[in-house]
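Here is the structure we will look at.
The values are calculated or read from the model by the stated rules, or taken from the named source; none is laboratory data. Every value quoted in this text rests on a predicted model; they were computed, and no experiment measured them. Counting neighbours? That spans all protein chains shown, and the Cβs are built from the backbone with ideal geometry, glycine included.
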Ligand SMILES: CC(C)(COP(=O)(O)OP(=O)(O)OC[C@H]1O[C@@H](n2cnc3c(N)ncnc32)[C@H](O)[C@@H]1OP(=O)(O)O)[C@@H](O)C(=O)NCCC(=O)NCCS
């Protein structure tokens, strides 16, 4: 599988691509926050943060994105149609950083482990 990457730009199109995946029902369900901003608020935020994003490209099509924030935390999300096809594993094999994975997301945890990432600690919360 040949995977390419494209740096995100400060455009509505790129902000929209991220928004549609990031705030989809399935991704919200495995996220730390269930807050869904308006697209315009997201776009304003994206204009200051677009450099953190790279799109994952297969056969000249965007299938998802990687985000690396200023603290070296990595996020990955694929379009629904592109999950469970081995793309996540391939991307994570060549990625580095730190990631927080909720226990409600066993697929993601499995995928990171299969790609050479190591469990380093426990993330605990109390409400
Ligand atoms: C998490 C994500 C990036 C993984 O990428 P992917 O391309 O779907 O994953 P892959 O197909 O490469 O690998 C999935 C692995 O998890 C396994 N898996 C699938 N569902 C599982 C489940 N419920 N529990 C445990 N393992 C599971 C698959 O069998 C496969 O492992 P295998 O190759 O050993 O059989 C992708 O599914 C995604 O974007 N999900 C929504 C957003 C998200 O969860 N992002 C991560 C936040 S930390």
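Taking the condition touching a residue at least 24 places away in the same chain (Cβ under 8 Å), at positive phi, surrounded by fewer than 18 Cβ atoms within 10 Å (Cβ to Cβ) and more than 9 Å from the ligand (Cβ to nearest atom), does residue 60 pass?
Numbers: touching a residue at least 24 places away in the same chain (Cβ under 8 Å): no; at positive phi: yes; surrounded by fewer than 18 Cβ atoms within 10 Å (Cβ to Cβ): yes; more than 9 Å from the ligand (Cβ to nearest atom): yes.
Considered against the rule, which asks whether it is touching a residue at least 24 places away in the same chain (Cβ under 8 Å), at positive phi, surrounded by fewer than 18 Cβ atoms within 10 Å (Cβ to Cβ) and more than 9 Å from the ligand (Cβ to nearest atom), residue 60 comes out as no.
For the structure I just gave you, tell me whether residue 72 is near the ligand (Cβ under 8 Å from one of its atoms), surrounded by fewer than 17 Cβ atoms within 10 Å (Cβ to Cβ), at positive phi and within 15 Å of the chain's Cα centre (by Cα). First the steps, then the outcome.
On the way: near the ligand (Cβ under 8 Å from one of its atoms): no; surrounded by fewer than 17 Cβ atoms within 10 Å (Cβ to Cβ): yes; at positive phi: yes; within 15 Å of the chain's Cα centre (by Cα): yes.
Taking the combined requirement at face value, the residue does not satisfy it.
Quick check on my filter: what residues within the stretch 15-28 are out of contact with any strand residue (DSSP E or B) (no Cβ under 7 Å at 6 or more places or on another chain) and either at pLDDT below 95 or assigned to a helix (DSSP H, G or I) (or both)?
Scanning the stretch 15-28 gives 15, 16, 19, 20, 25, 26, 28.
Go through the stretch 19-57 and report how many residues are in contact (Cβ under 8 Å) with a residue 40 or more places away in the chain and exposed (fewer than 11 other Cβ atoms within 10 Å of the Cβ).
Number satisfying all stated conditions: 1.
Against the conditions (1) surrounded by fewer than 16 Cβ atoms within 10 Å (Cβ to Cβ); (2) more than 16 Å from the ligand (Cβ to nearest atom), where does residue 14 fall short? Just the number, please.
All conditions are met except number (1).
Could you list all residues from the stretch 87-106 that are within 6 Å of the ligand (Cβ to nearest atom) and loosely packed, with under 12 Cβ neighbours inside 10 Å?
106, the sole residue that qualifies.
Considering only the stretch 107-127, state which residues are under 14 Å from the mean Cα position of the chain (by Cα) and surrounded by 15 or more Cβ atoms within 10 Å (Cβ to Cβ). Give the steps one after another, and end with the answer.
Filtering the stretch 107-127 for residues under 14 Å from the mean Cα position of the chain (by Cα) gives 107-109, 111-112.
Passing the criteria: 108, 109, 111, 112.
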